[in-house]
Amino acid sequence: MAASVSRPRVNAQLVVRFALVMVFISACLFLAAGTVRWPAGWALVVLYAGLSVGSRYLVARRHPDLIEERAQAFSAQGAKPWDKVLAPVVSVGGSLVLLVVAGLDYRFGWSPVVPVWAQVVAFVALLLAYVFSTWAMLANRFFSGVVRIQTDRGHAVVSAGPYAIVRHPGYLAAIVTYLAIPVALGTLWALVPGIITIALTVMRTALEDKTLRAELPGYEEYAGRVRYRLLPGVW
């Protein structure tokens with residue numbers, strides 16, 4: 001008899017939440033642009049939606065409890081007080097401001113024309129960043145949306161996959177995303193909120209690393225083996 005293949009359960013609430021997020025993101029982008037006739041804007045929305053669905057499906061197959069952990073991240077018990085502020089500012093506020101500025105830039109034509117080849121390269125970078133982030137989630141079932149020691153989930157050090165390269169691969173993927181989106185959309189003024197968000201991400205990386213060194217058994221030894229937080233050879 002063939003072995004049964006486990007399939008991730010579809011959580012209707014999460015599906016509705018994701019749909020609302022996609023509608024909200026699209027509204028921010030196209031309302032700011034003042035038009036829906038924006039091919040690069042639609043390319044970004046479709047790429048993000050497709051990659052998000054694919055990523056969530058793969059993660060749900062490997063770590064069903066991680067999807068729930070990330071969905072409830074902002075209300076999770078044990079989240080560090082500083083990250084209750086920093087996490088939503090970076091992951092929600094920074095992203096939305098970037099999209100609104102990009103839309104306004106497209107509407108008013110603030111930026112010089114970005115070559116099509118550069119936009120294509122930026123879209124490829126977005127794709128690779130999302131794949132890298134998904135790889136990190138597949139390797140690490142403790143990939144929460146907030147900084148907390150997950151004693152309720154048996155939190156342990158993960159050193160496999162991308163964690164053998166850098167200690168915070170998710171943040172590295174986010175940084176690439178904040179740089180790539182403005183170029184992909186041809187709206188270089190969106191790099192301003194993007195760079196500010198990157199600075200906050202680097203700050204968050206340092207604070208999380210300090211927390212893990214102090215509170216997660218085995219992390220100090222892991223940090224001695226994998227020396228760099230974000231960029232190999234740099235930091």
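Any read-out appearing in this document is the output of simple, stated calculations on the displayed coordinates, not a laboratory observation. As the structure is a prediction and not an experimental result, all values here were calculated from the model. A quick note on method: Cβ atoms are made from the backbone with ideal geometry, for glycine too, and the neighbour counts reach across all protein chains shown.
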Checklist line | Folded to 0 to 90 degrees: helix 39-62 orientation relative to the chain principal axis, Cα | finding: 10
Note to self: If you fit an axis through the alpha-carbon atoms of helix 169-185 and take the longest principal axis of the Cα set of the chain, what angle between them do you get, 0 to 90°, nearest 10?
What the structure shows: 10
Item checked: Highest average packing first - 71-78, 179-186, Cβ atoms within 10 Å -> 179-186, 71-78
Notebook entry, point to check: Taking only DSSP H segments of four or more residues, each worth -39500 (n - 2.57), what value at 222 nm results for the chain once the sum is divided by all its residues, to the nearest 500 deg cm²/dmol?
Noted result: -21000 deg cm²/dmol
Item checked: Charged-residue dipole, Cβ positions (Lys, Arg, Asp, Glu), the chain about Cα centre, Debye nearest 20 -> 280
Checklist line | Computed log₁₀ I(q)/I(0) - Debye formula, equal Cα scatterers, no solvent, the chain, q 0.10, 0.13, 0.14, 0.15 Å⁻¹ | finding: -0.50, -0.84, -0.96, -1.09
Check: What's the longest bit of the chain with no exposed trypsin sites (Lys or Arg not before Pro), using DSSP loop states and at most 13 other Cβ atoms within 10 Å as the test?
Finding: 38-226
Margin query: Which of the three applies to the range 4-83, rounded, prolate or oblate, going by the alpha-carbon gyration tensor with a ≥ b ≥ c and a/c under 1.5 meaning rounded?
Written below: oblate
